[in-house]
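> Please read through the structure below; I'll follow up with questions.
The values are calculated or read from the model by the stated rules, or taken from the named source; none is laboratory data. Given the structure is predicted, the values throughout are model-derived calculations rather than measurements. Cβ atoms come from the backbone with ideal geometry, glycine included; neighbour counts cover every protein chain shown. Note: areas computed on protein heavy atoms with side chains; ligands, DNA, RNA excluded. Shrake-Rupley method; radii C 1.70, N 1.55, O 1.52, S 1.80 Å.
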Amino acid sequence: MEAITPFLMFQNKQSAKAIELYLNTFHDAHTVFINHHPNPEDGIMLGKIKIHQLEILVSDSSVNHDFNFTPSSSFFIDCESLEELKEYAEKLSANGNVLMPLNNYGFSQQFTWVNDAFAARWF
């Protein structure tokens, strides 16, 4: 086995906008590659971004389906400061929603859980 990589499959050609959000949110994020579907109007066939040390594959589904991302799968961000946590939460929840507002929940003194505009979850 070479690697196991998280994979985000978007509907309605949203992966390019999601990549833009992630690149604008995380200071060291960058695009590794982007391959478009044979018909460019179908969006991204497969792309890879890197956020910190995590590589994430992204794709626009060419087939409409009845499922999307589920809250049971989320990206966990370890922040160095409260300011960094607030910055990520604000940027990622813009046009999305906050599942758990920033607070002390006992298991963590500062914790928040958000959906980004594309329904991917971050905490």
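> With a point put 7 Å past each Cα toward its Cβ, work out how far Phe111 is from Thr70 in nm, to one decimal.
2.1
> Apply 1/(1 + (r/R0)^6) to the Cβ-Cβ distance of Lys50 and Asn104, taking R0 = 22 Å, and write down the FRET efficiency to the nearest 0.05. Don't jump to the answer; show the numbers that get you there.
On the way: r = 32 Å, r/R0 = 1.45.
Using R0 = 22 Å, I get an efficiency of 0.10.
> Which lysines have a Cα less than 25 Å from the Cα of Lys86, not counting those fewer than 8 places away in the same chain?
Lys17, Lys50
> Same structure again: Starting at the first residue of the stretch 91-96, write each ³J(HN,Hα) from the Karplus equation 6.51 cos²θ - 1.76 cosθ + 1.60 with θ = phi - 60°, in whole Hz, x for Gly and Pro.
The phi angles translate into 5, 6, 8, 4, 6, x Hz.
> Counting only protein heavy atoms and using a 1.4 Å probe, what share of the accessible area of the stretch 10-61 belongs to carbon plus sulfur, as a whole percent? Intermediate results must be reported in sequence, preceding the final value.
Details: 1440 of 2810 Å².
Whole-percent figure for carbon plus sulfur exposure: 51.
> Of the listed peptides 13-25, 69-81, 40-52, 93-105, what is their order by residue-averaged count of other C-beta atoms within 10 Å, with the highest listed first? Display every interim value, and only then the final one.
Numbers: 13-25: 17.8, 69-81: 11.2, 40-52: 15.8, 93-105: 13.2.
With the highest mean Cβ count within 10 Å placed first, the list reads 13-25, 40-52, 93-105, 69-81.
> Please give the length that would be gained between His27 and Ala94 if that part of the chain were fully extended, namely 0.36 nm times their separation in residues minus their C-alpha to C-alpha distance (nm, one decimal).
On the way: separation 67, 0.36 × 67 = 24.12 nm, distance 1.72 nm.
Difference between extended and current length: 22.4 nm.
> Note down the relative contact order for the chain as a percent, whole number, built from C-alpha pairs under 8 angstrom at least six residues apart.
Details: 207 pairs, mean separation 27.1, N = 123.
Result for the chain is 22 percent.
> Given (1) 12, 34, 41, 13, 0; (2) 11, 31, 25, 19, 10, 3, 1, 0; (3) 12, 43, 33, 11, 1, 0 as candidate values of P(r) over Cα pairs in 10 Å bins from 0, in percent, which corresponds to the one derived from the coordinates?
Among (1) 12, 34, 41, 13, 0; (2) 11, 31, 25, 19, 10, 3, 1, 0; (3) 12, 43, 33, 11, 1, 0, the one derived from this structure is (3).
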